[in-house]
Every structure is written in C-alpha cells, then in structure tokens.
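Below is one structure, written out as structure tokens; comments come after it.
The values are calculated or read from the model by the stated rules, or taken from the named source; none is laboratory data. Nothing here was measured: the structure is a model prediction, and the numbers come from that model. When we count neighbours, we look across all protein chains shown, and the Cβ atoms used for this are built from the backbone with ideal geometry, even at glycine.
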Amino acid sequence: MSPKGASNANDVRRRLPSVDQVVGSPAGQAMVREHGREPVVEGVREELGALRARLRGTGQAASGKVLEPSSILAGALQRLQARQAPKLCRVINATGVILHTGLGRAVLPRTALDTIASEQAGYSLLEVDRDTGARTIRETHVVELLKRLTGAEAATVVNNNAGATMIALATLAQSREVIVSRGQLVEIGGSFRIPEVMEMSGARLVEVGTTNKTYIQDYERAIKPETALLLRVHTSNFRVIGFTASASLEELVALGRKHGLPVMDDLGSGVLVDLAPFGILDEPGVVDSVKAGADVVTFSGDKLLGGPQAGLLVGTSRWIGAIRKNPLFRALRVDKLKLTALEATLKLYLDRDRLARELPTLAMIAMSPEEIERRALDLAARLKSVPALSVEILDDASEVGGGSVPAHMIPTKVVAVRHARRSLESLAAALRAHTPCIFARVQRERVLFDVRTLLEGEGAEIAAALVRITA
C-alpha cells in the first residue's frame, strides 16, 4: 500500500460514524423499534468493524454512501436476519433418497403439521384424562392406536428405536444373558452397535451360529439358567445373501415358550402395511411379529412408518408394563409435539385410501411411472428457460434409504443439468447455500434432480433458484 493510499484509508476510517450515531439516526431508531436495541447495536458494531477491516485491507478510498448510517444499517440488518434465520431449515430434497437420514428422514404428513399448529399453540391435554380430570400416562393418545393397528396387547413410546432397544434389554435381561444370532450383530448409523447397546443396558451377549447360518438348535444349545431373553434383530441396512439360513420368529417363540423365556423382535424400521405391491418383498411387518407371538416388538416412527422420530414398543401387557416402570423410561419419554405428530400419522393408517394419498413416505415409494414422467417433463420445461443451462431427462434409480430395505432401487427419472460457465461442484454448492436449501446429486458429469422426492411446488422453486444462482 502506498503512503497516499494508507492516508486515504485512514481518513475514511476516521470519518466512519460511531455506533451511537448510526443507532440514534431516524432509520436506526425505527430498526430498534422493530428488532430491539441490543440486536441492532450488535449488528451495527459488527458492520462497522467489517467496514474498517475492509478499508484497512484494500487501502481504497470509500464512497460517501458507505459512510452513511442508512448503508451501515442495511448491512447490519442483513447480519441480523442471517443470525435470526432458522438453522434447522426447510430443504428441497432432489436426491431421490426418500428417507434421507441427513435431511430429516420421513417427511411428516400435512395432517401432522396442521394438528401441531392447531392443537399445540397453547396448553395441551398431555397427562390428564378429560373425563375424570385425573392424571394419566402421556402416550395414552397413541397407545390405543398402536394396539388397534398391530393387534398387540399393549404398547408404549420412547424417543427413538435405539432408546426402545436399550430400555427393553435393560428391563427384560439386565445382568443376565441374551441370545442372538452372530449374523444379526448389526451396526447402524451413528455407530449404534447391538453388542455395545447390550453392554450399556446391563445385559450379557451370547452369540450363536455363524455370520451366514444360524439354526434354532444353536439357540437351544446356548440356553442356560442365566439366560433371560431370545433376541431377533432385523439387519435393516444390509443383507446376507447366498448360502444362508436363519431361525424363524415362530421357531424362536416356540423355543421361548418351551423354556419360559420372552422373545424380543427388534425390527429397526418396521412397517404397518404390505409393501409387496411396490416391489419391497423382504421387509418384516410389525403385525406379523405380533401374530408370531413376540413378547416385545420394537420399531421406528420416522422410517417406513412415515412419522416423527420415535421408538415404538408393542407386545404383551406383562413386558410392556415392566418397561414403562423402568426408571430409564422417564429419561427416554417423548414430548407433546412428537406425540401429536405420531397420533396424526397413525390415524392415517385407519383409512388405507387416505394413507396412500397423504403419507409422503408411502406416496413417494408408490409413485407411478406415469407420475414420475409427468414430473420430470414439467421440471425440465421449467429449467430449459434458464440461460446457459443444458437440460435432459435420464433414467435413474431412487432409494428408500434411512437404514431400510438396503439395495432396493426404485426406477425413476432425473432431470440432469450442466451450466456453460459453472462447474458441477460450484453449482451444487450454490444450490445448497440457497434459501431454501436444495440438495441434488452430482453424478454422471451432471447435477441430477430426482423428481420422486420433490414435494408440490418445489420444481418451481428449483427453477427460480437456478435463475438467481446463474444470473
């Protein structure tokens, strides 16, 4: 920097108004009335500091406009709005992964969102019986629904399926042995490992069989006086195929009855409808586990069920009652917002025609090829109006995701784009930085938008975002 440039920059910095001058201006006072004095003062101080640093770094003389309180307030307002904007914000999911763990898994049905807004705006009938006025259990609103939908004697809810697994093991088998097939010692997202969860619950693991083959005789030979539980774990996010064998749940239940041992079935995801019409053939159903006689069945609320994150437990009154009495239950209990969303979601299952229309997870899985084609054509037509953007429709595959039905791909259409002046990585990054965030795939030397996971109106939002980003 030349001595003259340094002098100019110093002169400009000396002419910058003070925080009090900016905040005390008419525009500053109007901003204080709307946003509060402390946030405005903080924003102005940060903006002045950034302006000083910019001038010091460049040595350039600034125009008179940047020294005006209105200009400084405009920058302060941007900082204030950025700070107050929700960080846990809406995302447009164009990845084609229906249950995207990083993007919140299941999209809540509109009825759940509307019910939260209408029924939880004030106080809530959380733990009081409206007829008697007496205290009741908080999950009573969903217990009857779960019993009706699964055929189980009893039901309860905790914060997620990891919690459900933990409290069930701690209740049924603390300080005693649990027998499980070696091929079912899974690890799912977040390093959730069955052996480690079992250790934390206080139960002792007894492995039987091999990775690919476990017979009912293996379980029976392992039963000892210290045995407390027979456990089946659905492998969820992987499959062992080829030369395999496993004991059925019915065989485990019969063995448990013979030796007076409870049987627990950890389904992981868990479904309440038959997914075979949509090509998903090997995902175990909750109703089937209950019919087979499992004493406790655990599954998730935010995977194939399509609701909020929760751990659902159904089974016999004896063991579900014991789980509710475990001191750990209070630490894992769910709040009123989750219970409201879960109740609204479960009620959709009472009307299968409505369920197919209104549960986003199921609607995305069941989306017809004709609907996929229509959506792809609509999005492509919108994007072709964006300058310098090449657009084409390609065949591809969507995923269910969320640790469910691994390796099951659903045929789909993607709208593939490239920009004449921007790299694929920079275009994808700009989409993520946009409001709302837009997540797509970067594959096959293109940015791909899978229309299966787009909600109503999001195609228009993607087009508008690309116009702004590439202008």
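Annotations
- A388 touching a helix residue (DSSP H, G or I) at 6+ places or on another chain (Cβ under 7 Å) and not β-branched (V, I, T): yes
- Among the residues listed as S385, S390, S404, the single one being in a loop (DSSP other than H, G, I, E, B), out of contact with any Pro (no Cβ under 7 Å at 6 or more places or on another chain) and over 28 Å from A366 (Cα atoms): S385
- Any pair with Cβ under 8 angstrom, 6 or more apart, that starts in segment 354-377 at a residue that is over 15 Å from E458 (Cβ atoms) and ends at one that is among the hydroxyl-bearing types (S, T, Y): L355/Y349; E358/T111; L359/T345
- From the list R135, R90, R105, R83, the lone residue that is basic (K, R) and at positive phi is R105.
- Filtered residue count, segment 114-140, keeping only those that are touching a residue at least 40 places away in the same chain (Cβ under 8 Å), of a type outside the set (D, E, K, R) and not in a loop (DSSP other than H, G, I, E, B): 2
- Test: residue in segment 426-436 that is among the β-branched types (V, I, T) and in contact with a strand residue (DSSP E or B) (Cβ under 6 Å, 6 or more places away or on another chain): no
- Listed by position, the strands (runs of 3 or more DSSP E) enclosed by segment 194-306 that each have at least 3 residues that are surrounded by fewer than 22 Cβ atoms within 10 Å (Cβ to Cβ) and either in contact (Cβ under 8 Å) with a residue 12 or more places away in the chain or touching a His at 6+ places or on another chain (Cβ under 7 Å) (or both) are 204-208, 227-233.
- Residues within segment 152-193 that are more than 24 Å from P327 (Cβ to Cβ) and assigned to a helix (DSSP H, G or I), tallied: 6
- Filtered by the rule that a residue be assigned to a helix (DSSP H, G or I) and surrounded by fewer than 17 Cβ atoms within 10 Å (Cβ to Cβ), segment 425-444 gives E425, S426, A429, R432, A433.
- Taken as a whole, segment 343-354 holds at least one residue that is in contact with an Asp or Glu (Cβ under 7 Å, 6 or more places away or on another chain), within 21 Å of L267 (Cβ to Cβ) and of a type outside the set (D, E, K, R).
- Qualifying residue in segment 41-55 (condition: in a helix (DSSP H, G or I), in the same structural domain as G301 (by TED's automatic domain parsing), loosely packed, with under 14 Cβ neighbours inside 10 Å and without any contact (Cβ under 8 Å) to a residue 24 or more places away in the chain): no
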